[in-house]
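K.L.:
Structure in C-alpha cells, see below.
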Amino acid sequence: MAGSIAGSHAGALLIEFFATRCCTNVMVGDLQTRWIDQAPAQAVDLGTLAGVQLFADPRIAELLADAGATLIETGSPFRRSIGVRLDSPEQWLAFLESPAARRAPTATVLPASTAASINH
C-alpha cells in the first residue's frame with residue numbers, strides 16, 4: 001500500500017476537515033486530504049504512515065490518534081484519491097458538536113500554487 005498511496009506524489013499529506021451547520025442547526029463535516037510541498041506552520045506532524053509523511057490540522061490531531069485513523073485509497077480505478085478511515089467514527093460525530101469544530105483554523109493555509117490536489 002505504501003507505494004500505491006504515495007504514487008507519483010512528492011511531499012507530504014495534510015489532513016484537514018470541513019464542517020458547517022445545515023438548515024436544522026446540525027453540524028455536518030468531512031475529513032479531507034491534500035498533497036503539500038511544505039507543512040503549514042501550525043500543522044501537527046503525525047509521523048509517517050504507509051511511507052507518507054503526515055501532517056494534520058491541530059484541531060483534529062488528537063481525534064485522529066484516538067479514533068484510530070488509517071489512510072485508504074478511495075474513488076474509481078480511473079480517479080483514485082486518499083481518504084481517512086476512523087475505527088471509531090462516533091468520535092468524529094462528537095467532535096463536530098464540540099467548540100473546536102466551530103473555531104477558525106489555526107493552521108496557515110497554503111497558496112494553491114504550493115499544494116497539489118490528491119486527485120491528480
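Laboratory data are not the source of any read-out in this text; all were calculated from the coordinates shown. These numbers were taken from a predicted model, which means no experiment stands behind them. Please note: Cβ atoms are built from the backbone with ideal geometry, for glycine as well, and neighbour counts cover all protein chains shown.
K.L.:
In what sequence do R103, R21 fall when counting other Cβ within 10 Å, fewest first? Present the calculation step by step, with values, prior to reporting the outcome.
P.N.:
Working: R103 9, R21 13.
Starting with the residue having the fewest Cβ neighbours, the order is R103, R21.
K.L.:
With a sphere of radius 13 Å drawn around the Cβ of V44, what net charge do the other residues whose Cβ falls strictly inside it have (Lys, Arg +1; Asp, Glu -1)?
P.N.:
Numbers: positive: R59; negative: E16, D45, D57, E62.
Every neighbour counted, the sum reads -3.
K.L.:
As a footprinting exposure proxy, order E90, E16 by other Cβ within 10 Å, with the fewest listed first. Mind showing how you got there, number by number?
P.N.:
Working: E90 9, E16 19.
The most exposed by this proxy come first: E90, E16.
K.L.:
If you don't mind, another one. I'd like to know which of A65, W35, F17 lies farthest towards the positive end of the charge dipole of the stretch 15-66, counting +1 on Cβ of Lys and Arg and -1 on Cβ of Asp and Glu.
P.N.:
F17
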